[in-house]
Amino acid sequence: MELPYLKVALLVFACLGVHLVEPFYARTIEKDATHTQPTEFYKGLHTGLGQPISDNYTTFTTPEYPVVSDKLFSSVKKTYTEEVLNSVSDVAAEHLDEVKKLTGLMQPHLKTVLARQRRDYGIDEETFPIDYPVSEQASNIDGTPVHNIGMERQCGKVDYRLKKLGTLNAVSRSIILQKSQELRDGQIPSFRGFKAAAQAKREVELNWSKLMKAKFESGADEKQEMAQRKERKRLDMLDTLKSRGGPFTDSGEVEKFLVDESLNNNAKLQRMKLEVQFARESTTLLP
C-alpha cells in the first residue's frame, strides 16, 4: 500500500470493529436482553472510552473495554477468524504508536456520540439530559425486552411459509416450534394457557362425531342427508310460490306479472328472485 496513513486508519477501524462495534451490536440485539442490562453496558462502555489505549489493543488477547465480557469477546473473535486477527496484529505492530494515537483521538468523539444516542439511559446526564427516561417507558423494565426482533423474525418465517405452502397450518407449526425450543432450553412454557380452548375444541369435535355416527347408523349416509336438505329447501320454495300464485309455467305469465300495477317493484323483485332460485333447484340445465 503506497499510502501509509491510510494503512493506519484501516487498522484503527479494524480494531474498533473487534473491541467496540461488534460487542455493542451483539448486546443491542441480544434476544433476551431487558432494559436493565443495556443500561449497565452503555455506562460501562462510556467509562471505558475515556481510558487510555492499552498495549494489548492490537493483539486482541483481552477485551479493551472491561464491560465486554471474555465470553462475548471470544465469540466476536470467532466470527473474525484467527487468520484475519493475526494479519491485523502483524501489520499493527509496525505502526503501534500511530494506531494508539489515532484511536485516542477518536475515543472522545465516540464517547460523546454514545452519550447522545443513548441519553435516555442516563449515561451522561450533565452533558446530555434525559428526554424520555427508560425507567418510565415500561412498568417493569427488568422484564421488558429492548426490541421486538424475535417477533419480527417469527412473523417473517410465518409469511414465508404461508407464501410457499399457501395454508395457515404454518402458523400453528411455528408456534409449536418456538415453544418446543423453550422446552429444550428449560424455560417454563405457556402451553397451559391453551388448555381450556383445546378442551372445548375437542368436546365440539367429539359431539359432532357422535351425532354424525348416530345418523349414519340409522341408515342415512352423507349423500342422502345432502339430498334431503336440498329437497326440503326446494319444497319450501315451492310452497311459498304456490301461496303467491306460482310458480310460473310460461313466459306469458311472467310478462303479465311484470306489468301488474298492484304490486310494487320490491315485491316483484323478491318474487322473480324466488322463481329463479326455484328453477335452478329444479333443473340441471341452469347454471
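A few notes on this one:
- At R0 = 35 Å, FRET efficiency that the Cβ-Cβ distance of N265 and W208 yields, to 0.05: 0.20
- The overall shape of segment 4-136, judged from the alpha-carbon gyration tensor, is oblate: a/c is not under 1.5, and a/b is no greater than b/c.
- Difference of contour (0.36 nm per residue) and Cα-Cα distance, V84 to L105: 5.1 nm
- Rounded FRET efficiency, nearest 0.05, which uses the C-beta distance separating S135 from F13 and R0 of 45 Å: 0.80
- Entries of K201/K233; K31/K77; K31/K101; K7/K78; K77/K101 with Cα pairs more than 28 Å apart: K201/K233; K31/K101
- Estimated inter-spin distance, T112 and K273, nm [label 7 Å along Cα→Cβ]: 7.5 nm
Laboratory data are not the source of any read-out in this text; all were calculated from the coordinates shown. Here the structure is a predicted model, which is why all the values come from computation and not from measurement. Note that we place each Cβ from the backbone using ideal geometry, even for glycine, and neighbour counts take in every protein chain shown.
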